[in-house]
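Structure first, commentary second.
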Amino acid sequence: MLPHRAPFLFIRSICELSEDRIVCHGMIEKGHYLAGGEEAPPILGIEMGAQASGVHAAQHHRGTGFTDSPARVGYLVGIRQARFHVDALPVGRILRVEAVAHGAAGPLATYGIVVRAEGEEDLMVEARISTWAADGPES
C-alpha cells in the first residue's frame, strides 16, 4: 500500500485499524544509512507516522478489506507540534506507531502521530502531520 521499499519502508505490520485510527509495528533496519550503530535520529519517527497515516489513508480510500491495488502517491507536507522525547530511536527493535485522523479536506489530511517502544507507554516521538494524496479526490 506504500510505494516505499527497504530500507525506507519502516511499517512492518498493522495491529489495529478503524475509521479514524491505525496502529502499526514499525522498525528501523540495522544498516540503515541514517543509523549510527544501534541508534537512529528520532526524526525517523515522524516518517514512521507518515507511513502509518499513508496505510490508513489507502485503506480508507479502498473501503473495507485490503487489496492488491497499486500504492497511491502521497506526500508529507507539514509537521507541527513535533516533540522528541528521546535522543535516538532504537535500530532493529519493533516500535508501536499510532496515527489518528484529525480531519481531511479533499486530498489533504491531518493526523496525530505517536511512536513508542512496543510494550511501553512512554512516548518517544509525537507530532501532528499533514499529508497530501496526489492521486486523491480533487488533486
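Just add up the charged neighbours of C24: K/R +1, D/E -1, any other residue whose Cβ is under 13 Å from the Cβ of C24. Net local charge, C24 excluded: 0. For H85, the residues whose modelled amide H falls within less than 5 Å of its own, excluding neighbours fewer than 5 places apart on the same chain, are V125, E126.
For region 112-129, putting each phi into the Karplus relation 6.51 cos²θ - 1.76 cosθ + 1.60 with θ = phi - 60° gives couplings of x, 10, 9, 10, 9, 5, 4, x, 10, 9, 5, 6, 9, 9, 8, 6, 10, 10 Hz, in residue order, rounded to whole numbers and with x for Gly and Pro. Using 7 Å Cα-to-Cβ label points, what is the A88/C15 separation (nm, one decimal)? My value for the distance between the label points is 2.4 nm. Here the Karplus curve 6.51 cos²θ - 1.76 cosθ + 1.60, taken at θ = phi - 60°, turns the phi angles of region 41-47 into couplings of x, x, 4, 5, x, 5, 5 Hz, with x standing for Gly and Pro.
No lab work stands behind these numbers, since they all come straight from the coordinates. Here the structure is a predicted model, which means the values were calculated and not measured. Glycine gets a Cβ as well: all are built from the backbone with ideal geometry, and neighbour counts include every protein chain shown.
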